[in-house]
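J.: Mind having a look at this structure? Questions to follow.
The values are calculated or read from the model by the stated rules, or taken from the named source; none is laboratory data. Note that the structure is predicted; figures quoted are calculated from it, not measured. Cβ sites come from the backbone with ideal geometry, for glycine too, and all protein chains shown count toward neighbours. Note: areas computed on protein heavy atoms with side chains; ligands, DNA, RNA excluded. Shrake-Rupley method; radii C 1.70, N 1.55, O 1.52, S 1.80 Å.
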Amino acid sequence: MPWRGPALRNSTKLNTIATPATDRSRTVNNPDQLIIFDTTLRDGEQSPGASMTRDEKVRIAKALEKMQVDIIEAGFPIASQGDFEAVQAVARAITDSTVCALARALEKDIDRAAEALKEASAFRIHTFLATSPIHMREKLRMQPDEVVERAVAAVKHARRYTDNIEFSPEDAGRSDPDFLCRILEAVIDAGATTLNIPDTVGYAVPEQFGALIGELMERIPNSDKAVFSVHCHNDLGLASANALAAVMNGARQVECTINGLGERAGNSALEEVVMAVRTRQDLFQCDSRLDTTQIMTCSRLVSGITGFPVQPNKSIVGANAFAHESGIHQDGVLKSRETYEIMRAEDVGWSQNRMVLGKHSGRNAFRARLKELGIVFESEAELNDTFTRFKELADKKHEIFDEDIQALVTDTGLAAENERIKLISLRVCSATGETPEATIVLSVDGKEHSATASGSGPVDATYCAIESIVESGAELQLYSVNNITSGTDAQGEVTVRLERGGRIVNGQGADTDIVIASAKAYVNGCNKVMQDGTKEKTQV
Ligand code: KIV
Ligand code: ZN
């Protein structure tokens with residue numbers, strides 16, 4: 001008999017709101033649905049070095065839409081012109097998920113969010129204001145009464161644009177529950193339809209956080225008019241556990257990110273929350289509508305675009321998540337898979353037969369495999385470019401795996417967008433007892449330049465040669481190489497982190513030759529770090 005944990009407390013109210021069928025964020029006429037709100041493009045992008053271009057955000061948003069995420073938080077439009085345009089582009093591209101934008105509890109923020117979202121099929125405005133004593137006193141310098149007044153005014157202002165409004169009392173995890181009850185009751189009366197309880201600084205622990213959600217739903221008289229949501233940070237490694245405790249106590253929306261990306265230690269990982277709820281249906285009285293077979297595609301896409309590698313032992317999406325090393329485990333799994341596996345790898349998108357294509361594969365087979373991986377190109381030209389690169393790779397490497405294809409696609413995207421500096425060629429001499437030397441040819445703004453430099457190793461020589469041409473002045477904070485697949489003919493994927501004037505960017509490159517991969521990563525990073533400064537975000 002499987003262990004059954006505590007059932008949902010009898011007294012817990014489950015809140016639902018009837019909504020138009022087109023708005024996926026509020027189709028919770030039944031308490032069995034767990035709404036998945038993905039904030040990879042907003043909170044995830046707040047990780048230092050994880051900034052994404054508009055086109056990258058659209059690619060991720062489409063993958064999230066394909067996975068059937070209910071709400072996609074696309075950005076914070078007031079933060080920068082770049083953020084505004086990215087939210088606008090996501091709003092135009094997405095039809096099956098609700099697109100959301102963040103706004104402080106200020107009219108100008110809300111107006112900007114509404115402007116960016118106006119072409120979306122369905123949209124939500126998410127406004128927030130801090131409620132913890134320390135934030136109200138030190139950051140806002142406002143009295144609690146003023147905070148309530150401003151939150152109510154913000155929600156009323158947002159209602160000019162939509163009736164799909166989310167309010168977050170920032171730092172709720174350290175706020176007084178009595179004050180939370182007061183402000184949340186007031187914003188529901190003003191028209192908020194989702195109340196998101198953030199543990200902004202990752203201070204909560206599961207039992208206590210779950211009890212807080214239950215208490216709020218119990219005590220707030222009009223709580224049945226809103227959906228309760230949670231947004232947890234991972235400073236103590238408890239973000240997913242806290243979110244799940246909240247769901248057990250009645251929350252019906254979870255805010256999360258792919259691979260747990262996010263400010264500082266990150267947010268609840270979407271794949272962890274979704275798979276925990278799906279796997280433990282004996283405990284949870286709800287489920288998401290996600291197509292979990294898309295999880296790996298989303299994970300690789302986000303990792304590729306941001307340059308944040310996934311640790312091998314990461315749950316669900318790490319390379320070892322379904323690998324069995326010990327003989328006893330292998331023996332057990334061969335006899336009956338359930339002996340050591342609680343989920344099926346293929347249910348989260350790990351393919352069974354990972355060898356997909358070779359040098360004789362044609363364009364149609366390539367296109368079909370891309371489609372299976374959920375990769376759609378905007379234009380035939382982009383597909384052709386990637387196909388040419390696939391053929392080049394297949395000449396060097398006989399077996400092309402899904403991971404290779406994902407890396408090719410990321411590489412094509414990087415090359416297409418970062419036009420200022422391009423790698424034309426690289427020649428490196430490295431021999432025992434000699435100082436390595438690199439000669440590089442780059443195109444900068446369409447003009448070819450070449451340089452030769454020596455260094456302590458081939459990568460160092462290459463970076464010195466690149467720097468002597470581009471003069472980025474950036475400091476290299478991190479350099480890492482991962483093999484994309486196994487074997488000595490595998491592609492190496494290099495990630496660099498560059499810092500200039502307080503701005504941090506990640507660059508990435510993949511190639512079967514790791515020195516060339518290193519050059520591509522550095523060039524990619526330089527293109528980002530030397531971008532127009534008007535795209536900088538305002539600090540909020
Ligand atoms: O962590 C936080 O409090 C947030 C809010 C804006 C929801 O990201
Ligand atoms: Zn957050």
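J.: May I ask you to list the residues in segment 252-288 that are of a type in the set (A, V, I, L, M, F, W, C), crowded, with 24+ Cβ neighbours inside 10 Å and within 14 Å of ligand 1 (Cβ to nearest atom)?
T.: V254, C256, L261 - these are the residues of segment 252-288 that are of a type in the set (A, V, I, L, M, F, W, C), crowded, with 24+ Cβ neighbours inside 10 Å and within 14 Å of ligand 1 (Cβ to nearest atom).
J.: Search segment 34-51 for residues that are closer than 18 Å to A474 by Cβ and pair each with any residue that is within 12 Å of ligand 1 (Cβ to nearest atom) and open to solvent by 10 Å² or more (accessible area, probe 1.4 Å) when their beta-carbon atoms are under 7 Å apart and the residues are at least 6 apart or on different chains.
T.: Close Cβ pairs satisfying both conditions: S51/E45.
J.: Which residues, taken from segment 62-75, are out of contact with any Gly (no Cβ under 7 Å at 6 or more places or on another chain) and open to solvent by 10 Å² or more (accessible area, probe 1.4 Å)?
T.: Pass one, segment 62-75, residues out of contact with any Gly (no Cβ under 7 Å at 6 or more places or on another chain): 62, 64-65, 67-75.
Selection gives K62, E65, Q68.
J.: Then there's this: Using the structure shown, decide if A251 is outside any helix (DSSP H, G or I), small (G, A, S) and within 16 Å of ligand 2 (Cβ to nearest atom). Don't jump to the end; show me each part of the working.
T.: Values: outside any helix (DSSP H, G or I): yes; small (G, A, S): yes; within 16 Å of ligand 2 (Cβ to nearest atom): yes.
Spelling it out, A251 is indeed outside any helix (DSSP H, G or I), small (G, A, S) and within 16 Å of ligand 2 (Cβ to nearest atom).
J.: Applying the selection to segment 14-59, what residues are more than 16 Å from ligand 1 (Cβ to nearest atom), aliphatic (A, V, I, L, M) and modelled with pLDDT under 90? Break it down stepwise before answering.
T.: At the first step, the residues of segment 14-59 found to be more than 16 Å from ligand 1 (Cβ to nearest atom) are 14-24, 26-34, 49, 51-59.
Keeping just the survivors that are aliphatic (A, V, I, L, M) gives 14, 17-18, 21, 28, 34, 52, 58.
Selection gives L14, I17, A18, A21, V28, M52.
J.: Please count how many residues of segment 224-248 are more than 15 Å from ligand 1 (Cβ to nearest atom), outside any helix (DSSP H, G or I) and without any contact (Cβ under 8 Å) to a residue 60 or more places away in the chain.
T.: 1
J.: Would it be correct to say that A465 is more than 29 Å from the chain's Cα centre (by Cα) and surrounded by fewer than 18 Cβ atoms within 10 Å (Cβ to Cβ)? Break it down stepwise before answering.
T.: Details: more than 29 Å from the chain's Cα centre (by Cα): yes; surrounded by fewer than 18 Cβ atoms within 10 Å (Cβ to Cβ): no.
Considered against the rule, which asks whether it is more than 29 Å from the chain's Cα centre (by Cα) and surrounded by fewer than 18 Cβ atoms within 10 Å (Cβ to Cβ), A465 comes out as no.
J.: To continue, here is another question. Which residues, taken from segment 181-213, are within 13 Å of ligand 1 (Cβ to nearest atom) and open to solvent by 20 Å² or more (accessible area, probe 1.4 Å)?
T.: T200, V201, Y203
J.: Additional query: Could you check Y479 against (1) loosely packed, with under 15 Cβ neighbours inside 10 Å; (2) not in a helix (DSSP H, G or I) and say which number it fails?
T.: (1)
J.: Kindly indicate which of A172, A186, A154, A211 is more than 16 Å from ligand 2 (Cβ to nearest atom), in contact with a strand residue (DSSP E or B) (Cβ under 7 Å, 6 or more places away or on another chain) and assigned by TED's automatic domain parsing to the domain that holds R112.
T.: Values: A172 fails: more than 16 Å from ligand 2 (Cβ to nearest atom); A186 fails: in contact with a strand residue (DSSP E or B) (Cβ under 7 Å, 6 or more places away or on another chain); A211 fails: in contact with a strand residue (DSSP E or B) (Cβ under 7 Å, 6 or more places away or on another chain).
Residue meeting the stated conditions: A154.
J.: Quick check on this structure: which one of V317, V302 is in contact with a strand residue (DSSP E or B) (Cβ under 9 Å, 6 or more places away or on another chain), closer than 24 Å to D55 by Cβ, open to solvent by less than 40 Å² (accessible area, probe 1.4 Å) and in a loop (DSSP other than H, G, I, E, B)? Outline the logic, then answer.
T.: Details: V302 fails: in a loop (DSSP other than H, G, I, E, B).
From the options V317, V302, the qualifying one is V317.
J.: To continue, here is another question. Given the residues S443, S454, which is the only one that is open to solvent by 10 Å² or more (accessible area, probe 1.4 Å), in contact with a Lys or Arg (Cβ under 8 Å, 6 or more places away or on another chain), farther than 23 Å from R300 by Cα and not assigned by TED's automatic domain parsing to the domain that holds I295? Working first, answer last.
T.: On the way: S454 fails: in contact with a Lys or Arg (Cβ under 8 Å, 6 or more places away or on another chain).
Going through S443, S454 in turn, just one is open to solvent by 10 Å² or more (accessible area, probe 1.4 Å), in contact with a Lys or Arg (Cβ under 8 Å, 6 or more places away or on another chain), farther than 23 Å from R300 by Cα and not assigned by TED's automatic domain parsing to the domain that holds I295: S443.
J.: Pairs, please: C-beta under 6 Å, at least 6 apart or cross-chain, first residue assigned by TED's automatic domain parsing to the domain that holds A61 and farther than 30 Å from R219 by Cβ and in segment 250-270, second open to solvent by 10 Å² or more (accessible area, probe 1.4 Å) and modelled with pLDDT under 95?
T.: Matching pairs, first to second residue: N259/V310.
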